[in-house]
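This report concerns only the one structure given below.
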Amino acid sequence: MTPVRSGRPTGDRLPTEPPRLVIDRVEPVVDGGRYPAKRLVGDAVTVRAIVYKDGHDLIAARVRYRGPGERRWRLAATTYERDFDRCTGSFVVDRIGTWRFSVEAWTDRFGTWRADLAKRVAARQEIEENLSEGATMLRAAGRRARGDGRTSLMELAALLDDTDAPVADRAERAVTADVVALVLAHLPPEDLTSLGTDFEVVVDRERAGFGAWYEMFPRSQGAKADRHGTWADAAQQLPRLAALGFDVVYLPPIHPVGRTNRKGRNNALVAGPADPGSPWAIGNSQGGHTAVEPALGTLAEFEAFVVAARDHGMEVALDYALQCSPDHPWVREHPDWFFIRADGSIKYAENPPKQCADIVPLHFWCDDWQALWRACREIVAFWVERGVRIFRVDNPHTKPFAFWEWLLGSLRREHPDLIFLAEAFTRPARMRGLAKLGFTQSYTYFTWRNTSWELRDYLTELTQTSMAEYFRPNFFANTPDILHEYLQHGGRPAFRARLVLATTLSPVYGIYSGFELCERTPVRAGSEEYRDSEKYQLRTRRWDAPGNINADIATMNRIRREHPALQRFANLEFLASENDGILAYHKHAPDNDLLIAVNLDAHRPQATMLHVPVAALGLDEDEPFRVEDLLTGSQYVWRGARNYVRL
C-alpha cells in the first residue's frame with residue numbers, strides 16, 4: 001500500500017506534495033483492504049502498522065476510526081516501537097455494523113527533542129540552544145491549547161528561556177509526563193502523512209461468534225414414526241434443547257416438498273406413497289421458498305414456534321437452499337430461470353455420477369438474472385419479517401460469488417444483525433473466498449480431522465494465519481450427510497471425544513439430531529451417509545435411550561458459558577504432549593485459563609506427561625498449583641511444567 005497525499009510523479013514531474021513517511025503493512029487488513037476484517041461487538045480492534053522515515057527522528061502515529069453512521073472521525077493514540085518501526089493502537093467497537101479505520105503518522109518533533117536533550121544531559125554537553133528549541137515548540141502548542149493547558153505551556157516555555165534558572169531544573173521540568181501529554185495533544189504535526197485508503201471492519205453481534213447449534217427436522221418430532229410432525233410437536237422439544245444448553249435451533253428446509261421424482265427411503269429413486277421426500281426438493285403447487293409445508297402446519301404456527309424458541313433463550317435458523325423441485329411455482333412462472341436442455345426440457349441437478357432428479361438447479365446467469373437475484377433476496381427478506389435472523393446457506397459454492405457478495409452486502413446494510421452460515425464443504429480457496437465476501441460463519445474440515453497432527457495443523461491454520469481475521473468456523477460434529485468413520489467405529493467414546501473437541505476448540509459448534517444418542521450406522525460400509533436417513537423419511541427417537549450423552553452435552557455447554565476462554569477462537573495454544581494419542585491445548589482469557597486434554601483413541605485408555613505453560617500462567621518452574629477437573633469437580637495439586645494425565 002502506498003502512503004500518498006498527492007499523485008505520484010510521472011516522468012520528470014515532481015509530486016506537488018511528497019509524503020514524508022512510509023506507512024506499510026497495516027493490520028487487520030484482508031487482501032489489501034478488498035474485504036473487511038471481522039470482529040464481535042465489544043471487541044477491541046488492535047491496529048498495527050510499520051511506519052518509518054529517513055534519519056534518526058522519532059515517529060508518532062494515530063488510528064483514525066469511525067463507527068456505522070458516524071461522519072466525524074475519532075482518534076486513538078498508538079505506541080511506537082522504534083526497534084521494529086511498529087506502531088500499535090486500538091479502539092473498541094461498541095455496536096454492530098461496518099466500522100472504518102486508517103492510520104496517520106508524523107515526525108514526533110517533541111519526542112525527538114526530548115531524546116536528544118536526555119543524551120546531551122547524560123554527556124554533560126551544553127543544552128541552552130536545545131532548551132530554546134523546546135521553548136519554541138511549547139509556545140506553538142500553547143497557542144493551540146485552551147484554559148489551564150495553554151497557561152501551563154506558556155509558563156513552561158518562559159522557564160526554558162529563563163537563563164537565570166538552573167539548567168537542570170529547566171531540563172527536568174520540560175520532560176514530565178503532564179507536559180508531554182499537553183504537547184502531543186496540541187503541537188501541530190509538520191509532515192502529517194495519511195494512507196490513501198480506509199479499511200473496514202464488520203462488527204457482528206455475539207451470537208455470530210459464540211453459540212451452540214442443534215439441527216432438528218421438525219417433521220420427525222411426531223409421537224409415532226408414521227405421523228408427520230407439526231410445529232406444535234417441534235415446540236415440545238424446545239425445553240429439552242434449552243436444558244441441554246443450545247442457543248440456535250437450525251431447521252432444514254421447511255417448505256412444501258416436490259412430488260415429481262420424489263426420493264424414497266435411503267435415497268431410493270422411487271418413493272412409496274407415504275414417503276415425505278427430501279425437504280431440499282423445494283416447492284410444489286402449494287408454494288415455494290416463502291411457503292411452509294402444510295403437513296407441518298401454517299405460517300402463523302411457524303411464527304409461534306420462533307417466538308417459543310426465543311422464550312427459551314434460543315434462536316431459529318432456517319435453511320436457505322436456492323434450488324427447486326420440478327414442481328416449484330418458478331418452473332411454471334419463470335422457466336427461463338433454469339437450465340434448458342437441447343430438447344427444451346429443464347435440466348435436473350447432477351454432479352456425475354450423482355443425479356438428483358427431484359431437484360432442478362437455478363441458472364444464476366440466465367438472461368433474466370437480475371430478476372432472479374432480486375427474487376432470491378426477497379426470500380430472505382420474507383423470513384426476516386417473520387422473526388428469523390440466522391440462515392444456514394446450502395451449497396453456496398455452487399452459486400456465483402458475485403451473487404453472494406451483492407446479496408449479503410445488500411441484506412446486511414438493512415439488517416446488520418443477520419447471520420449467514422456457509423455450508424461449503426469444498427476446496428480451501430473457495431471456502432476462504434465465501435468467508436471474505438460476507439458469510440458470517442463457515443462449515444469446516446473439522447469432521448475429517450481426527451488425529452493429533454491433523455487437528456494441530458488445521459487449527460494452527462485457522463487461528464494463527466490471516467484466516468483468523470475473517471473466517472469464523474462452525475465446528476459441526478456431524479450432519480445429515482456426514483457420519484465420519486471415526487464415529488462409526490469409535491462408538492460412544494468417540495462421540496464424547498468429538499464433543500469435547502468441538503466445544504472447546506471453537507466457540508461456535510453444532511450437532512445434528514441423534515448425536516446425543518451416538519447414532520452411528522451407515523447406509524453401507526465405507527459410506528458417510530446414515531442408514532434410514534432423516535433426509536428421506538420420518539424418524540422418532542427416545543431421547544433418554546440408554547447410552548445417551550445428554551449429560552455430557554449439558555455439562556460442556558454450561559462450561560462454555562461460564563468460561564470466557566471458550567468464547568473466543570484465536571486464543572488457542574497447543575501444548576506438548578508426550579503421547580500423540582492425547583491432544584493438549586491451552587485456552588486463555590483474562591483471569592481464566594483452561595488446560596484441555598482429550599484422548600483421541602476411542603478404544604483404549606491413554607496416558608501422557610502434559611507440558612503446562614507455567615511461565616504464561618505466572619508460575620515458577622517448580623511451584624505447586626491446584627487444578628480442577630471441570631467435568632468431575634475433582635481437584636489435584638500439580639507441580640512444575642510436566643504433569644501426568646491418564647484418560
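The values are calculated or read from the model by the stated rules, or taken from the named source; none is laboratory data. From a predicted model like this one, the values you see are computed outputs, not experimental measurements. Reconstructed Cβ throughout: ideal geometry from the backbone, glycine too, with neighbour counts over all protein chains shown. Side chains are part of the model used for accessible areas, which takes the heavy atoms of the whole protein and leaves out ligands, DNA and RNA. Shrake-Rupley method; radii C 1.70, N 1.55, O 1.52, S 1.80 Å.
From the convex hull of the Cα coordinates of segment 451-562, what is the mean projected area in square nanometres?
On the way: hull surface 33.2 nm².
Its average projected convex-hull area is 8.3 nm².
Kirkwood Rh and Cα-based Rg: tell me the resulting Rg over Rh for segment 515-647, rounded to two decimals.
Working: Rg = 18.9 Å, Rh = 17.7 Å.
That ratio is 1.07, to two decimals.
Kindly state, as a whole number, the per residue volume in cubic angstrom of the convex hull around the alpha carbon atoms of segment 383-473.
On the way: hull volume 9.4 nm³, N = 91.
Taking only Cα atoms, segment 383-473 has a hull volume of 103 Å³ per residue.
Out of the total accessible area of the chain (probe 1.4 Å, heavy atoms of protein only), what percent is carbon and sulfur?
Numbers: 14500 of 29710 Å².
With neighbouring chains kept in place, the figure for the chain is 49 percent.
For segment 137-195, max minus min Cα coordinate along each principal axis, in Å, sorted largest first?
Computed over segment 137-195, the largest-to-smallest principal extents equal 45, 23, 18 Å.
Taking every eigenvalue of the Cα gyration tensor of segment 478-527, multiplying by 5 and rooting it, what semi-axes result, largest first, whole Å?
Numbers: eigenvalues 73, 26, 17 Å².
So the three semi-axes of segment 478-527 are 19, 11, 9 Å.
What fraction of the Cα pairs in segment 341-400, stated in percent, has a spacing above 15 angstrom?
66
By accessible area of protein heavy atoms, probe 1.4 Å, what ranking do ASP336, ASP367, ASP620 get, highest first?
On the way: ASP336 75, ASP367 165, ASP620 105 Å².
Result, largest first: ASP367, ASP620, ASP336.
Please sort through the DSSP H helices of the chain and keep those with an alpha-carbon extent of at least 24 Å along the long axis and a Kyte-Doolittle average not below -1.0.
Values: long enough: 128-144 (25 Å, -0.88).
Length and hydropathy pass: 128-144.
State the volume of the convex hull built on the alpha-carbon positions of segment 215-309, expressed per residue in Å³ and rounded to an integer. It would help to have the intermediate numbers written out before the result.
Numbers: hull volume 9.6 nm³, N = 95.
Output value, Cα hull per residue: 101 Å³.
Using a 1.4 Å probe, how large is the accessible area of LYS399, given in Å² and rounded to the nearest 10?
LYS399 has an accessible surface of roughly 20 Å² with all protein chains in place.
When all C-alpha to C-alpha distances in segment 248-399 are sorted into bins of 5 Å, what percent of pairs does each bin hold, rounded to whole numbers?
2, 9, 17, 22, 20, 15, 10, 4, 1, 0, 0
In terms of modelled amide H atoms, which long-range or inter-chain residues lie less than 5 Å from the amide H of LEU58?
ASP108, THR112
Please turn the phi angles of segment 247-260 into ³J(HN,Hα) values with the Karplus equation 6.51 cos²θ - 1.76 cosθ + 1.60 (θ = phi - 60°), one per residue in order, whole Hz, x for glycine and proline.
Along segment 247-260, the couplings run 10, 10, 9, 9, 10, x, x, 10, 8, x, 9, x, 10, 5 Hz.
If contacts are Cα pairs under 8 angstrom and at least 6 residues apart, what is the relative contact order of the chain in percent?
Details: 1275 pairs, mean separation 66.5, N = 647.
Contact order relative to length: 10 percent.
How big is the antiparallel share of DSSP beta bridges in the chain, given as a percent to the nearest 5?
Details: 68 of 98 bridges.
Roughly 70 percent of the DSSP beta bridges within the chain come out antiparallel.
To the nearest 10 square angstrom, how much accessible area does LEU187 have with a 1.4 angstrom probe?
Roughly 20 Å² of LEU187 is accessible to a 1.4 Å probe.
Rg to Rh ratio, segment 34-146, alpha-carbon atoms and Kirkwood radius?
On the way: Rg = 18.3 Å, Rh = 16.7 Å.
My calculation puts Rg/Rh at 1.10.
If each residue of separation counts as 0.36 nm, what is the full-extension length gain between ARG604 and ARG227 once their alpha-carbon separation is subtracted?
Values: separation 377, 0.36 × 377 = 135.72 nm, distance 4.17 nm.
Result: 131.5 nm gained on full extension.
Kindly identify segment 273-315 as rounded, prolate or oblate by the Cα gyration tensor criterion: order the square roots of the eigenvalues as a ≥ b ≥ c, call it rounded if a/c is under 1.5, otherwise compare a/b with b/c, prolate if a/b is larger, else oblate. Please list the in-between numbers first.
Numbers: a/c = 2.48, a/b = 2.08, b/c = 1.19.
It comes out prolate by the Cα gyration axes.
Determine which lysines satisfy two conditions relative to LYS119: a Cα distance under 25 Å, and not lying fewer than 8 residues away in the same chain.
LYS53
Going by amide H atoms built from the backbone, whose H comes under 5 Å of the H on GLU215, apart from near neighbours?
Residues meeting the amide H criterion: TYR250, ILE511, TYR512, SER513.
Say a site is exposed when it is one of the chymotrypsin sites (Phe, Trp or Tyr not before Pro), sits in a DSSP loop, and has at most 15 other Cβ atoms within 10 Å; what is then the longest site-free stretch of the chain?
Working: sites that count: TRP73, PHE339, TRP365, TYR445, TRP543.
That gives 74-338 as the longest site-free run.
In 10 Å bins starting at zero, report the fraction of Cα pairs in the chain per bin as a rounded %.
Calculated over all Cα pairs of the chain, the distribution is 3, 13, 20, 20, 16, 12, 8, 5, 2, 1, 0 percent.
Please compute the Cα-Cα pair-distance distribution of segment 147-265 with 5 Å bins starting at 0, giving whole percents from short to long.
With a bin width of 5 Å, the distribution comes to 2, 7, 10, 10, 8, 6, 5, 5, 4, 4, 4, 5, 5, 6, 6, 5, 4, 3, 2, 1, 0.
Beyond 19 Å, what share of the Cα-Cα pairs of segment 411-516 remains, rounded to the nearest whole percent? Numbers along the way, then the final one.
Details: 2509 of 5565 pairs.
Tail of P(r) above 19 Å: 45 percent of Cα pairs.
Return the inverse of the average 1/r over all pairs of distinct C-alpha atoms in segment 517-574, which is the Kirkwood hydrodynamic radius, in Å to one decimal. Show your work: numbers first, answer last.
Details: mean 1/r = 0.0677 Å⁻¹.
Radius from the Kirkwood sum: 14.8 Å.
Using amide H atoms built in the peptide plane, which far-off residues or other-chain residues are under 5 Å from LYS263 H to H?
SER278
Step by step: find N for segment 332-373, compute 2.2 N^0.38 Å, then divide the Cα radius of gyration by it. What's the final number? All intermediate terms of the calculation are to be shown ahead of the outcome.
On the way: Rg = 10.9 Å, N = 42, 2.2 N^0.38 = 9.1 Å.
It is 1.20.
When the label point is put 7 Å from the Cα of ALA44 along its Cα-to-beta-carbon vector, which residues of segment 61-96 have a backbone N closer than 19 Å?
Residues 61-67, 74-81, 86-95 qualify, since their backbone N sits under 19 Å from the label point.
So what's the gap between the Cα centers of segment 284-336 and segment 444-497, to the nearest angstrom?
Segment 284-336 and segment 444-497 have Cα centres separated by 31 Å.
How large is the accessible surface of GLU126 in square angstrom, using a 1.4 angstrom probe and rounding to the nearest 10?
130
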